[in-house]
Amino acid sequence: MIEARGLSKRYGQKVAVDDLSFTIRPGQVTGFLGPNGAGKSTTMRLTVGLDRPSAGTVTVNGHRYRDAAAPLSEVGALLDAKGVHPGRSARSHLSALAATHGISDRRVHEVLEQTGLAAVANKRVGGFSLGMGQRLGIAAALLGDPQVLILDEPVNGLDPDGVLWVRRLLRHLAGEGRTVLLSSHLMSEMAQTADHVIVLGRGRVVADAPIAEILTRGGAERVAVRSPEAARLAAALLDADGVELEPEGDERFTASGLSAAEIGRVAARLGVELHELSPVASSLEDAYLALTREQVEYQAA
């Protein structure tokens, strides 16, 4: 379990993390979301002792990470997959980490197999692709068989098969009762992996809820409509306040601001034939954008 209470971090006049309080529980994958500059990376660095809080506390399993007797067995972290000497092989890198905790060579071999790196274990890391580097970072995080995993953008650079592997791995680890914190900008992947989501904006918690609840915050209800008289129906629907339509060809559009039942009643009154009238579920991306609309620090012109 990871617990933050009143956690804050300042860099000069810049407030990176502002009075955060949350609990990341075992047995589930917790997604960590937020725009660039929201404080996600700073919070993860504070959790593993790479930065000191300006105020408040963050603990792992009831104590500070730096007080852990065997840190690799307590927390496995992937914060920067590039933090490896390029002249070392994957095996020698993991063996050096293992030696600090008395971890056996057998365990090194196990994580190389688990992450698909066994065939390139003796190759220099400097020649690795981005995806292979990510796999090595995940292998290092798994090395101590930790109860807590903190992964920042673990699928960055992975091919679709690798992305699926990470998703299944994290779901499996959470199913074993481990605490998993996952940061990613890939909303579609997060929607399929996370059970719970914490959203940061400008250093503060914007949302902290199960993903099913987050999805209900995706904005106005949207309805897919298809009819051979789509233009006539659309013109009638636009008479209502707050209605927005997204045309999708001559016979199809998506409407927001009215329910499927309300659209059906308008169609019945006009005698318009309907071929489709179905609610469109909000995506995690819709919900995320609705939650962070006012929290984006870096905006393109």
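No lab work stands behind these numbers, since they all come straight from the coordinates. Note that the coordinates shown come from a computational prediction; the quantities given were computed from them, not determined experimentally. All Cβ positions, glycine included, derive from the backbone under ideal geometry; neighbour counts span all protein chains shown.
Pairs of C-alpha atoms in the stretch 119-171 farther apart than 11 Å represent 72 percent of all such pairs. If R0 is 41 Å, what FRET efficiency do you get for Val266 and Asp80 from their C-beta distance, rounded to 0.05? Calculated value: 0.15.
For the stretch 22-84, evaluate the Debye formula with one uniform point scatterer on each Cα (no solvent term) and list log10 I(q)/I(0) at q = 0.12, 0.26 Å⁻¹, rounded to two decimals. Log-scaled intensity ratios, in q order: -0.33, -1.48. What FRET efficiency would be calculated for the residue pair Leu238, Ser259, taking the C-beta separation as r and a Förster radius of 25 Å, to the nearest 0.05? Efficiency, from the Cβ-Cβ distance: 0.95.
Size of the stretch 6-151 from its Cα atoms: along the principal axes, largest to smallest, the extents are 46, 29, 26 Å.
Taking label positions 7 Å along the Cα-Cβ direction at both Arg10 and Leu277, the computed distance is 5.9 nm, reported to one decimal. At full extension, Leu186 and Asp67 could sit 39.5 nm farther apart than now, given 0.36 nm per residue minus the alpha carbon distance. Across all directions, the shadow cast by the convex hull of the chain built on its C-alpha atoms averages 19.6 square nanometres.
With the cut-off at under 14 Å, measuring from each backbone N in the stretch 181-225 to a point 7 Å along the Cα-to-Cβ line of Ser54 picks out 202-204. Considering helices alone, the calculated mean residue ellipticity of the chain at 222 nm is -9500 deg cm²/dmol, with DSSP H runs of length four and up weighted by -39500 (n - 2.57) and normalised per residue.
Relative contact order of the stretch 77-180, taken over Cα pairs closer than 8 Å and 6 or more residues apart, is 33 percent. Quotient of the Cα radius of gyration of the stretch 222-281 and 2.2 N^0.38 Å, N being its number of residues: 0.94.
For the stretch 50-106, the Cα-based Rg and Dmax, in that order, read 14.1, 42 Å.
A straight Cα-to-Cα reach below 21 Å connects Lys82 with the lysines Lys40, Lys123, residues fewer than 8 places away in its own chain not being considered.
Please tell me the relative contact order of the stretch 2-215 in percent, rounded to the nearest whole number, where contacts are Cα pairs under 8 Å and at least six residues apart. Relative contact order for the stretch 2-215 comes out at 31 percent.
Ser89 to Arg171: FRET efficiency via 1/(1 + (r/R0)^6), r the Cβ-Cβ distance, R0 30 Å, to the nearest 0.05? So, using R0 = 30 Å, E works out to roughly 0.50.
Peptides 28-39, 257-268 ranked from most to least packed by the mean count of surrounding Cβ atoms within 10 Å: 28-39, 257-268. Rounded to the nearest 20, the Cβ-based charge dipole of the stretch 1-79 about its Cα centre (Lys and Arg +1, Asp and Glu -1) stands at 180 debye. Here the convex hull built on the C-alpha positions of the stretch 144-251 has a volume of 175 cubic angstrom per residue.
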